[in-house]
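Any read-out appearing in this document is the output of simple, stated calculations on the displayed coordinates, not a laboratory observation. These numbers were taken from a predicted model, which means no experiment stands behind them. Reconstructed Cβ throughout: ideal geometry from the backbone, glycine too, with neighbour counts over all protein chains shown.
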Amino acid sequence: MTDVREAILARLVEVVATVPNLIAVQRNNTDWPDILPAALVLDGDEEVSTGNDGSRPSNRPMLVEMTPEIEIVEQSDAIGSDLTTFRRDLMKLVLADATLNTLTGSNGKISYLGCVTAFGWKEKNFGALQMRFSFKYPLKPDDL
Amino acid sequence: MSLDYAALLYDPVYGEIGVPCEFAAGELEASITVIDDTRPKQLPAGPYVDVRGMGPGAFARIPELVANGIARADWQDAVLTFNGKDWVVRSYELRGSPNGEDQGEVRFLLKALE
């Protein structure tokens, strides 16, 4: 059994955990306590990119695109520059990770799609950075 | 004849649940009474994620501030020490009073002192 989607997501959590200065990394925990700075990896939507055009057989390999989201949350007196640093480190680690690039295969790719920010106040200035990546990879139903 | 809300409402309440607070702003230092208004807070960190925590705050009576020589211009960035913690006023909101806003309360919005 080879589930590339799960392998990518599991590896993505491992990669995010190597971002300097993060003290917690969770996957799909949407109700996070006050343990900061932290990163939350959310499993992404998946769409068929090519190979789903109606030709047979129905279990033929296809190319799919998954878009997981990574939320980095922190509170500090320099929240803007702190989030910028996290963004820079995370982008470099994800795009250059050898395992992730191997998982996407020769026909796939990893793309950075952009980021969204949100701010507020807790005990300090609170900020959240949502980074989105696209992982295009081959899906082979017979291998699942 | 209007009711004296300070005497009938604020003073008894502060007498029961108020705590001592040291107010410092530059050379100005004063001992006042505040109500600890630290509240649980939940902030959205994205479309699907919320982060929990707390938002520190404190109520004070404006007449007491004035009596201690604390003007409105002194509020921003003042350091408040109460219940064993130090906080900085990052903003504030006037709460008003039927006797006029200067006879009412102010809610200090606080942040942790570095």
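For A:Thr84, state whether it is closer than 25 Å to B:Gly46 by Cα and among the β-branched types (Val, Ile, Thr).
Yes; evaluated as a whole, the condition is true for this residue.
Given the residues A:Leu22, A:Leu83, which is the only one that is touching a Gly at 6+ places or on another chain (Cβ under 9 Å) and within 24 Å of A:Gly120 (Cβ to Cβ)?
A:Leu83
Filter the range B:27-66 down to the residues that are out of contact with any helix residue (DSSP H, G or I) (no Cβ under 7 Å at 6 or more places or on another chain), surrounded by 15 or more Cβ atoms within 10 Å (Cβ to Cβ) and in a helix (DSSP H, G or I) and list them by number.
Selection gives B:Glu64, B:Leu65.
Given (1) loosely packed, with under 13 Cβ neighbours inside 10 Å; (2) in contact (Cβ under 8 Å) with a residue 40 or more places away in the chain; (3) more than 30 Å from B:Pro56 (Cα to Cα), identify the lone condition not met by A:Pro20.
The failed condition is (3).
Among the residues in the range B:74-92, are any over 26 Å from A:Ile79 (Cβ atoms), in a helix (DSSP H, G or I), more than 14 Å from chain A (Cβ to nearest Cβ) and not basic (Lys, Arg)?
Checked against the condition, which is being over 26 Å from A:Ile79 (Cβ atoms), in a helix (DSSP H, G or I), more than 14 Å from chain A (Cβ to nearest Cβ) and not basic (Lys, Arg), the range B:74-92 yields at least one hit.
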